[in-house]
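What follows is a single structure, written as structure tokens, with notes after it.
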Amino acid sequence: MAKKRILSGMRPTGKLHLGNYLGALENWIALQDEYQNYHLVADYHVLTTDLSTDEIYSNTIEMVTDWLAAGLDPEKSPMFRQSKIKEHTELFLIFSMLITKARLERNPTLKEQVRDLNIENLVYGHLGYPVLQAADILLYKGEVVPVGEDQLPHIEITREIARKFNTQYSPDSPVFPEPEGKITSFARLPGLDGQRMSKSVGNTILLSDGPEIVTQKLRKAVTDPQKLRKNDLGRPEVCLVFTYHKKFNPQDIPEIEADCRSGVLGCVDCKLRCASKINEILAPILEKRKTYENDLNKVIDILHDGESKAGLVAKQTMDEVHQKMTIG
Ligand code: TRP
């Protein structure tokens, strides 16, 4: 039986942090044997919040290098730039006829961005962000979309657009699947200050951070504010570092929890233990990253190869769309 298809992507904003990794990338890698994966660099989507294109190329290379270093296998999971496959823009245009402005204005992810980024005059393309995302997914007939939690409203819009297209143009045999979002069990890893992890805030650990940097960053992480001295009794449930232990050091959790509560374990030691676990996990990623950094042409070749594979699928889907719509 043919494998189900995954389509997922990220905007190229540069090097990835642990939140990006746990939120999506780890899942992509875990699922690449069971599914047929396609992964896109959403280089048109970045324009919705930043018109400058100066860094898109270097950010793309950094991000794809992280994907590869973390274990995404280009043979199993073609990777490509959205802007290189022209069918995205065409399908985006067609889909933009199938959804109302009011529906797009209700998108909670958009509302959050408008608030967080203080956007006063929303551009048309930003309102249409999920429409382009629907085109990304449905061009490859993606059935499963592993993403961060904040993307689920966009998957819901994608389902509505798929349904609308199918009923309008192909009621007897649906062209598009109604994709499902898939979030990781650890969907949100807070930043080192306990707030949402974000590069602009500077509270991240990057996948490409070396051991000294990770240790230094963890030293500054917030802990239980009432545990001031080593022997003070701690409350793991309010401690950020404990959250990190839960993810990166699950086997030591009972001991750390007990020793924090009883005051045997101080925050400095606890942080160092956590840093060394994270470093263990990052070590092979760093190692692999180095091989790509020394041969960036390889990364570019991988993208070109992904782009020719993706292009074939995109063309097939658009042929079908043209046929069903009897235009184009
Ligand atoms: N909107 C996604 C994000 O910001 C990136 C993205 C673009 C995407 N196209 C996609 C994710 C298609 C999944 C499927 O993270």
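Here N20 fulfils each of the conditions (1) more than 19 Å from G148 (Cβ to Cβ); (2) among the polar types (S, T, N, Q); (3) surrounded by 18 or more Cβ atoms within 10 Å (Cβ to Cβ) apart from (1). Inside region 127-147, residues that are near the ligand (Cβ under 10 Å from one of its atoms) and within 20 Å of E34 (Cα to Cα) make up a count of 7. Applying a threshold of 7 Å to beta carbon distances and a minimum spacing of six or more residues, or different chains, the list of pairs starting in region 165-186 at a residue that is among the β-branched types (V, I, T) and ending at one that is outside any loop (DSSP other than H, G, I, E, B) and open to solvent by less than 30 Å² (accessible area, probe 1.4 Å) reads V175/F165; V175/N166; V175/V321; T184/L22; T184/G23; T184/N27.
This table checks each residue for (1) assigned to a helix (DSSP H, G or I); (2) surrounded by fewer than 15 Cβ atoms within 10 Å (Cβ to Cβ); (3) free of Cβ contacts under 8 Å to residues at least 40 places away in the same chain.
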residue: V214; (1), (2), (3): yes, no, no
residue: V222; (1), (2), (3): no, no, yes
residue: D232; (1), (2), (3): no, yes, yes
residue: I253; (1), (2), (3): yes, yes, yes
residue: C260; (1), (2), (3): yes, no, yes
residue: V299; (1), (2), (3): yes, no, no
residue: S308; (1), (2), (3): yes, yes, yes
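Just one of the numbered conditions (1) under 16 Å from L138 (Cβ atoms); (2) open to solvent by less than 60 Å² (accessible area, probe 1.4 Å); (3) within 16 Å of the ligand (Cβ to nearest atom) is not true of T89: (2). Is there a residue being in a loop (DSSP other than H, G, I, E, B), among the basic types (K, R), within 13 Å of the ligand (Cβ to nearest atom) and at pLDDT 95 or above anywhere in region 10-26? There is at least one residue in region 10-26 that is in a loop (DSSP other than H, G, I, E, B), among the basic types (K, R), within 13 Å of the ligand (Cβ to nearest atom) and at pLDDT 95 or above. Pick out the one residue from A134, A187, A162 that is open to solvent by less than 50 Å² (accessible area, probe 1.4 Å) and either touching a Lys or Arg at 6+ places or on another chain (Cβ under 7 Å) or modelled with pLDDT under 95 (or both). Being open to solvent by less than 50 Å² (accessible area, probe 1.4 Å) and either touching a Lys or Arg at 6+ places or on another chain (Cβ under 7 Å) or modelled with pLDDT under 95 (or both) holds for just one of A134, A187, A162, which is A187.
The values are calculated or read from the model by the stated rules, or taken from the named source; none is laboratory data. The structure displayed is predicted, hence computed values, not measured ones. For neighbour counting, all protein chains shown are included, and Cβ atoms are generated from backbone atoms with ideal geometry for every residue, glycine included. For the accessible areas, the whole protein counts, side chains as well, though only heavy atoms, and no ligand, DNA or RNA atoms are used. Shrake-Rupley method; radii C 1.70, N 1.55, O 1.52, S 1.80 Å.
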